[in-house]
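What follows is a set of notes on a single structure, which appears directly below.
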Amino acid sequence: MQQSNYIGRCFCGELELSVSGRPTAMGFCHCASCRSWAAAPVNAFTLWTSGRVKVTRGEPGVFHKTDSSYRQFCRTCGGHLMTAHPRFDLIDVYAATLPSLELVPELHVHYQESVLPLRDGLPKFRDLPEEMGGLGERLE
Ligand SMILES: [Zn+2]
Ligand SMILES: [Zn+2]
């Protein structure tokens, strides 16, 4: 497989990261935590195994309200970069952080908390798929 690298930057450009290969999954998270953190009705995520993500410039600030999500941001502009999920060894690099990666969403997660119903035919999980630690229940 051809090696792919994607460069991500925060809003001001002081922080830079690079991801390599292909994401484990891409989709949309509707949970209240993502919405509050992003100040947006939905969060477009791309999940990568942690070894694929490298911060190449600057040092992000980190905030964790719970042990399952370490949210990383730029201390200068406040822009959000990614959220680490150490339990799964996965990092959600927000799709908006990686402008050169084509977003090909596969699923919606935490759809029970949605404030923005979307009709795109993709599977909508009440919480998470089983392989991501959820119940795996789908909503219409
Ligand atoms: Zn910044
Ligand atoms: Zn979420």
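Structure notes:
- Charge dipole magnitude, Cβ of K and R +1, D and E -1 - the chain, Cα centre, debye nearest 20: 320
- The chain, accessible surface, carbon-and-sulfur percent (1.4 angstrom probe): 52
- Relative contact order (percent, whole number), segment 1-59, Cα cutoff 8 Å, 6+ residue spacing: 38
- A DSSP coil position with no more than 16 other Cβ atoms inside 10 Å describes the following GluC sites (Glu not before Pro) in segment 1-105: E14, E102.
- Sorting 127-138, 24-35 by their mean Cβ neighbour count within 10 Å, with the most densely packed peptide first, gives 24-35, 127-138.
- Cβ-based charge dipole, the chain, positive-most Cα from I91, A39, G58: G58
- Taking segment 1-122 and dividing mean pair separation by its residue count, relative contact order in percent (alpha carbons under 8 Å, at least six apart): 30
- Kirkwood Rh, angstrom, segment 14-89 [1 / mean 1/r, Cα pairs]: 13.1
- Over the chain, accessible surface divided per residue gives 56 Å², non-protein components excluded, 1.4 Å probe.
- Directionally averaged shadow of segment 75-140, computed from the convex hull of its alpha-carbon atoms, nm²: 6.1
- Between segment 73-140 and segment 3-18, the alpha-carbon centres lie 19 Å apart.
- The chain: C-alpha pair distances exceeding 27 Å, %: 17
- The magnitude of the dipole of segment 1-75, with charges of +1 and -1 set on the Cβ of Lys/Arg and Asp/Glu and taken from the Cα centre, is near 60 debye.
The values are calculated or read from the model by the stated rules, or taken from the named source; none is laboratory data. Computed from a prediction, not measured in an experiment: that's the story for all the values here. Using ideal geometry, Cβ is built from the backbone for each residue, glycine included, and neighbour counts are taken over all protein chains shown. Just so you know, the surface numbers come from the protein's heavy atoms only, side chains and all, with ligands and any DNA or RNA stripped out. Shrake-Rupley method; radii C 1.70, N 1.55, O 1.52, S 1.80 Å.
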